[in-house]
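Worksheet: the structure to be examined is printed underneath.
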Amino acid sequence: MKVGIGLPTSLAGATGAEVLGWARLAEETGFSTLGTIDRLVHTSWEPLGTLAAAAAVTGRIGLATSVLISPLRSDTALLAKQAATVDRLSGGRLTLGLAVGSRPDDFEVGRVAKAGRGARTGTRVAELRRHWADAQSGREPAVGPAPVRPNGPELILGGHSPAALRRAALLGDGWIGGGTGPVLFAQGAQAVRERWAAEGRVGTPRLLALAYFALGEDAAKRTEGYLRAYYRDAGPFVEHILRGAADHPGKLRGLAGAYAEAGCDELLLMPCAGDLGQVTAAAEALALQG
């Protein structure tokens, strides 16, 4: 199983120098991917702009929106252009993770209808691929630039509802589970695999997951403070997220092992603390090789 790490752009007060330093260090210490999470009504940075900056200071590490809230980007042609731009800047390192989102305030402030967002996301996947195929074929008029990869960036779809799991198996290149723990991840992954096979799709879906962590002094306090703030309107779900977060090296190793046993292809560790020592500590705890 590969292990990636999230950029600290959802933590209040993060600076450009800190985020770019984090990106460089994550590559040096052996992480596979840099991830970004997405909210509109939050201090979090815009994911694709952030990954474009990270692409400029790294050379090998993958870049992933994990995930981008698809319905908030109502212009699919513009999203295709933005994603293709990051893909070209990075030499084909972008994975575009999409999900439908659930926070009412994001939709209210974004003036986007929450109802019907699942169907709109399914349609968007086909439209993105069409735009990228047109740009790569030289067909006119086309929304460029052409992505580096032959079929455009890998599209990974998120969500845990039955409809979201079906959508990932039918339309995506894989599925990403959002911080719900290894047990629920394993259930979702199995559902995606079964539907993928039933549809006669070639190969196997790529399966990713998120997990939250903080290490070092006051790690438990920092983890709880961040997650209660980020999930302040998520009701009892925040307690589930807290139980699954890793706040010391042993728990982080155990969590990574449990996800590997559950069939996860890549685990993305999302930080609850933003000091650069978090990158080094996590890499050391998991014995990553730079």
Count - residues of region 31-85 that are more than 13 Å from the chain's Cα centre (by Cα), in contact (Cβ under 8 Å) with a residue 60 or more places away in the chain and buried (at least 23 other Cβ atoms within 10 Å of the Cβ) | 4
Give me the pairs, please: first residue somewhere in region 145-157 and closer than 16 Å to GLY172 by Cα, second residue anywhere and part of a loop (DSSP other than H, G, I, E, B) and among the acidic types (Asp, Glu), beta-carbon distance under 8 Å, and either six or more positions apart or on two chains.
-> GLU154/ASP173; LEU155/ASP173; ILE156/ASP173
Among the candidates GLY59, GLY13, residue that is among the small types (Gly, Ala, Ser), within 25 Å of PRO145 (Cα to Cα) and assigned to a loop (DSSP other than H, G, I, E, B) = GLY59
Could you please let me know if GLY177 is at pLDDT 95 or above, surrounded by 19 or more Cβ atoms within 10 Å (Cβ to Cβ) and not polar (S, T, N, Q)?
-> yes
Of the numbered conditions (1) surrounded by 21 or more Cβ atoms within 10 Å (Cβ to Cβ); (2) in contact with a Leu (Cβ under 8 Å, 6 or more places away or on another chain); (3) charged (D, E, K, R), ARG222 satisfies every one except a single condition; which is it?
-> (2)
When every residue in region 249-269 that is over 16 Å from the mean Cα position of the chain (by Cα) and hydrophobic (A, V, I, L, M, F, W, C) is compared, the one nearest to ALA186 (Cα to Cα) is ALA262
Please go through region 222-263 and pick out each residue that is acidic (Asp, Glu) and not in a helix (DSSP H, G or I).
-> ASP233, ASP247
Filter result (more than 21 Å from LEU207 (Cα to Cα) and within 17 Å of the chain's Cα centre (by Cα)) within region 86-102 | VAL86, SER90, SER102
Identify the residue in region 229-262 that is out of contact with any Ser or Thr (no Cβ under 8 Å at 6 or more places or on another chain) and under 19 Å from THR9 (Cβ atoms) and, among all such residues, is surrounded by the most Cβ atoms within 10 Å (Cβ to Cβ).
-> TYR231
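Say we look at region 138-174 and pick out the residues that are among the hydrophobic types (A, V, I, L, M, F, W, C) and in a strand (DSSP E or B); which of these is surrounded by the most Cβ atoms within 10 Å (Cβ to Cβ)?
LEU157
The values are calculated or read from the model by the stated rules, or taken from the named source; none is laboratory data. Just so you know, these numbers come straight off a predicted model, no measurement behind them. Backbone-built Cβ (ideal geometry, glycine too); neighbour counts: all protein chains shown.
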